[in-house]
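The values are calculated or read from the model by the stated rules, or taken from the named source; none is laboratory data. Since we're looking at a predicted model, the values are computed, not measured. Cβ: placed from backbone, ideal geometry, glycine included. Neighbour counts: every protein chain shown. When the accessible area is computed, the model is the full protein with side chains, heavy atoms only, and any ligands, DNA or RNA have been set aside. Shrake-Rupley method; radii C 1.70, N 1.55, O 1.52, S 1.80 Å.
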Amino acid sequence: MRLKEFLSIRGIDFVSVNVLEDPAGFAELQVLGARSVPVLSRGRQFIFGQSTREIVAFLGLQEKSGPELSPAELYARLDRFMTAAIGLLPLMPNEKLHIHVPGRPRSYRALAFHLFRVVSAFLDAEQGKTLVQAAFREEPAADADMAAVAAYGAAVQERFRNWWAHGDTSAARMLPTYYGAQSLHELLERTTWHSGQHVRQWMMLLEREGVTHDRPLGAADFTRLPMPQNVWDG
């Protein structure tokens, strides 16, 4: 769930600044010492807005935070999301892959790659490599078709399944990220809904382009995950 949406749902007043378009906002970010967004600040104190648990603590909210689903349930959900994506990606015509998704300078091709890259980044963090924002900006080859991206996704899914079957899945184990150490349980939840949100978007993009499909994911697949209410930002 996006920080803006998290605060809005709770009726909390906030000021949102687009640091890419507002030089003053970018300067304020530099003064704070923050090098990425979203950021939640109060005076000179700030936190990154990726962890619900940390947001709740920073704001002093009296509510339960943390994943609702167990690691085993999150594993099953994310595996289902990747299976759905592998089947859905090749349905998009190649001549459509350069088109940008609504409201963002990201092509269909890049979105398809990204929904698996977030899982790969989680697995890298599980191995001790710090998760960095740059990993989420990586793109496939400029001429990659959806068969190639689906094959990449299948390799990521196989790696994910091998980790679950044979790796260290301790929920409380702390993993390194650009917004601080996070428990495996929390990072797995974030990875699950993040990838799931993009599969949700891909289904809508297919429909937008007039491609019929069997809608392999429905509302029940997203329950008890902190999914954004909107399919697209805004």
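The condition (being in contact with a His (Cβ under 9 Å, 6 or more places away or on another chain) and assigned to a helix (DSSP H, G or I)) is satisfied by just one residue among 76, 72, 85: 85.
Here is the figure for the range 193-218: residues that are touching a residue at least 12 places away in the same chain (Cβ under 8 Å) and closer than 15 Å to residue 82 by Cα total 14.
Residue 82 fulfils the conditions (1) under 18 Å from the mean Cα position of the chain (by Cα); (2) more than 27 Å from residue 176 (Cα to Cα) except for a single criterion, (2). Taking the range 181-234 as the range and being of a type in the set (Lys, Arg) and in contact with a Leu (Cβ under 9 Å, 6 or more places away or on another chain) as the test, the residues that pass are 200, 224. Screening 181, 171 for residues that are touching a His at 6+ places or on another chain (Cβ under 6 Å) and open to solvent by 30 Å² or more (accessible area, probe 1.4 Å) leaves exactly one candidate, 171. Of the residues that make up the range 137-148, is at least one open to solvent by less than 50 Å² (accessible area, probe 1.4 Å) and either assigned to a loop (DSSP other than H, G, I, E, B) or at pLDDT below 95 (or both)? Yes - at least one qualifying residue is present in the range 137-148. Restricting attention to the range 100-127, the residues being open to solvent by less than 50 Å² (accessible area, probe 1.4 Å), modelled with pLDDT of 95 or more and assigned to a loop (DSSP other than H, G, I, E, B) number 2.
Of the numbered criteria (1) over 20 Å from the mean Cα position of the chain (by Cα); (2) under 25 Å from residue 229 (Cβ atoms), the one residue 166 fails is (2).
Among the candidates 190, 159, single out the residue that is in contact (Cβ under 8 Å) with a residue 24 or more places away in the chain, charged (D, E, K, R), within 22 Å of residue 72 (Cβ to Cβ) and open to solvent by 60 Å² or more (accessible area, probe 1.4 Å).
Details: 190 fails: open to solvent by 60 Å² or more (accessible area, probe 1.4 Å).
Selected residue: 159, the only one of 190, 159 that is in contact (Cβ under 8 Å) with a residue 24 or more places away in the chain, charged (D, E, K, R), within 22 Å of residue 72 (Cβ to Cβ) and open to solvent by 60 Å² or more (accessible area, probe 1.4 Å).
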